[in-house]
Amino acid sequence: MWNSMRSVKLSLVCTRLVILLVFASAAGAGTFAGRAFLMRAFGKALTYDGVVESLTLCIYYACCVPALVALFLLDRLLTNIKKGLVFTEGNVKALRAISWCCFAEAFLIAAAALYFAPILLAVAAVVAFFGLILRVVKNVIDAAVALKIESDFTI
């Protein structure tokens with residue numbers, strides 16, 4: 001049976017692996033093969049020109065920024081939990097920032113949908129919904145922090 005500390009350690013490993021994958025994919029997107037893959041992935045291979053390639057890379061790199069910020073914040077959050085610091089203001093701030101990263105990502109994906117494929121609007125909606133769920137979790141943790149602070153002052 002999984003214990004909570006083992007689960008946190010596994011989550012940390014997975015988060016750090018995804019961070020490395022995002023960095024590797026961002027580095028690979030600048031190569032010729034990476035650009036060709038992105039063009040095929042966005043369905044613009046038949047209308048390929050330099051402007052489309054530049055726009056695709058700009059959107060891709062713009063999407064990498066909030067994703068990496070959220071991943072680094074998630075790593076910090078999991079590290080705090082591993083240390084036993086669960087109900088803290090730092091964790092509330094990290095959850096708040098991660099939710100805003102989700103909303104930024106949803107905006108970027110929705111903007112890309114206007115040019116590339118309308119199906120990306122569904123992806124943007126899912127990412128925005130995830131950001132909304134994180135806001136609710138942040139509010140719950142914030143309330144728990146307030147209760148913890150109040151109970152710490154109780155004799």
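Where a number appears in this text, it was derived from the coordinates with a stated rule and is not lab data. Because the structure is a prediction, the values reported are computed rather than measured. So basically every Cβ, Gly included, is an ideal-geometry build from the backbone, and we count neighbours across all protein chains shown.
The table that follows gives values for the structure above.
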read-out	value
Tally of residues being of a type in the set (D, E, K, R) and surrounded by fewer than 12 Cβ atoms within 10 Å (Cβ to Cβ) across segment 130-155	2
Qualifying position, being within 22 Å of Pro118 (Cβ to Cβ) and among the small types (Gly, Ala, Ser), among Ala27, Ala104, Ala70	Ala104
Leading residue by the ranking (nearest to the chain's Cα centre (by Cα)) among those in segment 118-129 that are crowded, with 16+ Cβ neighbours inside 10 Å and not small (Gly, Ala, Ser)	Val127
Options Ala111, Ala106: the member that is farther than 23 Å from Val13 by Cβ and surrounded by 17 or more Cβ atoms within 10 Å (Cβ to Cβ)	Ala106
Restricting segment 71-121 to residues that are outside any helix (DSSP H, G or I) and of a type in the set (Gly, Ala, Ser), the residue that is nearest to Ile133 (Cα to Cα)	Gly84
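This table checks each residue for (1) surrounded by fewer than 16 Cβ atoms within 10 Å (Cβ to Cβ); (2) farther than 30 Å from Asn3 by Cα.
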{"position": "Cys58", "(1), (2)": "yes, yes"}
{"position": "Asp75", "(1), (2)": "no, no"}
{"position": "Ala97", "(1), (2)": "no, no"}
{"position": "Phe116", "(1), (2)": "no, yes"}
